[in-house]
Each structure stands twice: as C-alpha cells, then as structure tokens.
Amino acid sequence: MKLFLCGIDPSLKRTGVSFVVGNNIIIKKYHSDEGCTYFEQVLERVREIEDCLIHDLETIYKENNVSPCKVITETPPPMGQFSAGLYGLDVHLILSLLSTVFVSTVIAVNPTYVGHLHGTRKYTKTESVKLAEKVLSVLEEFGFQVKIEGRLCHDMAESLLMLTRLIYLENLPGLNERIVELIPNIKNDKGYKFR
C-alpha cells in the first residue's frame with residue numbers, strides 16, 4: 001500500500017491542506033470570501049471545511065491503493081484572539097477525522113509549531129512560503145511529483161511544513177537528513193497523538 005499523509009493549517013478564511021499520496025504531493029486550499037462574524041456563519045464555514053476535507057480524504061482513499069491516512073493539524077487553545085472559532089473548527093475536524101475508516105492517526109500541534117520550525121516566533125508569511133519551496137525542491141529530488149492547486153500562499157505553505165513533520169516521522173531513507181538540513185528543529189517536536 002502507498003503512503004497517505006495529510007497536513008492541515010486550519011483557518012476559517014483559507015484552510016491550507018497538503019497530501020502525500022504515494023510519491024505525489026498535492027497542495028490546495030479551502031477558501032471562502034464570506035465573512036465569519038456571526039455564530040451561524042462560523043458554524044456554516046466549519047461544516048464547509050469539514051465537507052471538503054472529508055471528501056478529499058475519502059476520494060483519495062477509495063481511488064488509490066493507500067493505507068489509512070495519518071493527519072497532522074494545528075490546534076489553538078480555546079482562548080485568545082480569534083481562538084474560539086479556530087478551536088471549534090479544529091476540534092470539529094479532529095472528531096470528524098477520527099470517526100472515519102480512512103484516517104488512522106491524528107496528531108495535533110501547538111499554534112506556535114511553525115514558529116518552532118522556523119526557529120523564531122517572529123517569522124513572516126513570505127518566509128514560510130520560501131521554506132516550503134525549499135522543502136518541495138528536496139521532495140522533488142527524492143522522486144515526489146508536486147501538484148499545487150493555484151499559487152502557493154502561506155496557508156498552503158504552512159500545511160506543507162506540518163506535513164513535512166509526518167514525512168520525517170516516516171523515516172524515508174536519505175530524506176530525513178535533507179529535511180533536517182533545512183529545518184533542524186523538526187526532530188524536536190512531538191505533538192499530541194489522538195490515535
């Protein structure tokens with residue numbers, strides 16, 4: 001069976017999602033121009049993102065000879081600026097993912113995880129995109145085929161950076177050394193594993 005991994009950078013406006021399907025990398029976003037200022041709008045947006053993600057995961061699982069997916073996602077605490085809506089989104093996604101047969105593992109990481117990978121809390125969105133482009137270059141050297149739906153934005157880039165943690169945990173021969181050269185802190189973080 002082929003490898004099946006997913007990295008998620010959740011956001012009510014633009015959720016970045018990256019997949020490994022065998023030797024293919026697929027990077028996309030679930031985007032909405034709709035506002036999320038009212039209770040009903042937030043819940044509707046959470047449901048839209050869940051539907052898109054579950055549809056993509058199930059389609060990949062059914063159409064490819066892949067093992068159940070391992071997922072990594074950022075999970076903000078339920079306090080602080082904008083955190084309540086994002087916490088609701090991520091908890092809803094985690095519970096939905098754990099209730100499917102096509103997801104084997106969900107790992108939640110702290111919202112400071114991408115800063116941890118950069119080695120600083122003060123990084124720019126552009127720096128995330130540049131680091132993701134370097135990671136993609138290394139993955140292509142190791143035979144991965146990359147498909148990016150649209151322009152690589154920071155949400156998509158950060159989903160790839162989280163996905164890189166799962167790739168690192170797979171311990172693919174020779175690849176880990178190259179990943180550590182780019183992101184030395186990748187080997188020092190665990191996240192919380194739900195299953």
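Where a number appears in this text, it was derived from the coordinates with a stated rule and is not lab data. The structure presented is a predicted model; accordingly, all values stated were derived computationally and were not measured. Note: ideal-geometry Cβ built from the backbone for every residue, glycine included; neighbour counts use all protein chains shown.
Highest average first, the peptides 43-50, 2-9 ordered by how many other beta carbon atoms sit within 10 Å of their residues are 2-9, 43-50.
As a length-normalised measure over Cα pairs under 8 Å and 6 or more apart, the relative contact order of the stretch 126-195 settles at 37 percent. Annotation: amide H of residue 69 within the under-5 Å range of 103, 104, sequence separation 5 or more or interchain, hydrogens built in the peptide plane.
Reported to the nearest whole Å, the Cα centre-to-centre distance from the stretch 126-195 to the stretch 18-70 is 19. Extension gain, residue 100-residue 116: 0.36 nm per intervening residue step, less the Cα-Cα distance, totals 2.7 nm.
Only helices enter the 222 nm calculation for the chain: every DSSP H run of n ≥ 4 contributes -39,500 (n - 2.57), and dividing by all residues gives -14500 deg cm²/dmol, rounded to 500.
With R₀ fixed at 45 Å, the C-beta to C-beta distance from residue 177 to residue 41 puts the FRET efficiency at about 0.45.
Dipole check for the stretch 86-195: with +1 at the C-beta of Lys and Arg, -1 at the C-beta of Asp and Glu, and the Cα centre as origin, the magnitude is about 280 Debye. Electrostatic bookkeeping for residue 139 treats Lys and Arg as +1 and Asp and Glu as -1; over the other residues with beta carbon under 11 Å from its beta carbon, the sum is -1.
Selection among 69, 104, 126 by position relative to the dipole of the stretch 4-193 gives 126 as farthest towards the positive end (Cβ unit charges, Cα centre).
So between residue 125 and residue 149, what do we pick up on full extension, going 0.36 nm a residue minus the alpha carbon distance?
Details: separation 24, 0.36 × 24 = 8.64 nm, distance 1.84 nm.
Between residue 125 and residue 149, full extension yields an extra 6.8 nm.
The charge dipole of the chain, taken about its Cα centre with unit charges on the Cβ of Lys, Arg, Asp and Glu (plus for the first two, minus for the last two), comes to roughly 480 debye.
Which helices pass in the chain if a helix is a full DSSP H run, must span at least 18 angstrom along its long axis by Cα, and must have mean Kyte-Doolittle hydropathy not below 0.0?
Numbers: long enough: 39-63 (36 Å, -0.44); 83-98 (22 Å, 1.43); 125-141 (24 Å, -0.13); 154-169 (23 Å, 0.72).
For the chain, where a helix must reach 18 Å along its axis and average at least 0.0, the hits are 83-98, 154-169.
The mean sequence separation of alpha-carbon pairs under 8 Å and at least six residues apart, normalised by the residue count of the stretch 1-142, gives a relative contact order of 22 percent.
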